[in-house]
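The values are calculated or read from the model by the stated rules, or taken from the named source; none is laboratory data. Because the structure is a prediction, the values reported are computed rather than measured. Neighbour counts run over all protein chains shown; Cβ positions are idealised from the backbone, glycine included. Accessible surface areas use protein heavy atoms only, side chains included; no ligands, DNA or RNA. Shrake-Rupley method; radii C 1.70, N 1.55, O 1.52, S 1.80 Å.
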Amino acid sequence: MADTCAGRGTHHAGHVLMMPFPAHGHLHPVLAVAAELVRRGHRVTFATVAQFAGLVATTGAEPLVYTSVLAERRLPATFDPDYLA
């Protein structure tokens, strides 16, 4: 089935920005969505940390690399109020 816009037989590619939290469990589920959007002709910019930029690029999306202080912190064995301070 061809992609159409309101049934008129025309396709308008868009520019999509994806911004999942930079962690495996948040990022991996949306990689297939990014790949499908690219396959359908959309431009996809995918904000992520350097650790995942190569993986994102395999979808055809353009990685937009940023630094995340929270994503770079190691998870403690137990959480206390000071962890997020």
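The table below lists the values:
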read-out: Heavy-atom accessible area order for LEU70, LEU37, LEU27, LEU17, largest first, 1.4 Å probe; value: LEU17, LEU70, LEU37, LEU27
read-out: Two-site FRET efficiency, ALA35 against VAL65, from Cβ-Cβ distance with R₀ of 30 Å, rounded to 0.05; value: 0.95
read-out: Under-5 Å amide H pairs with MET18, H placed in peptide plane, nonlocal only; value: THR45, PHE46, ALA47
read-out: Pair HIS26, ALA50: separation of 7 Å Cα→Cβ label points (nm); value: 2.0
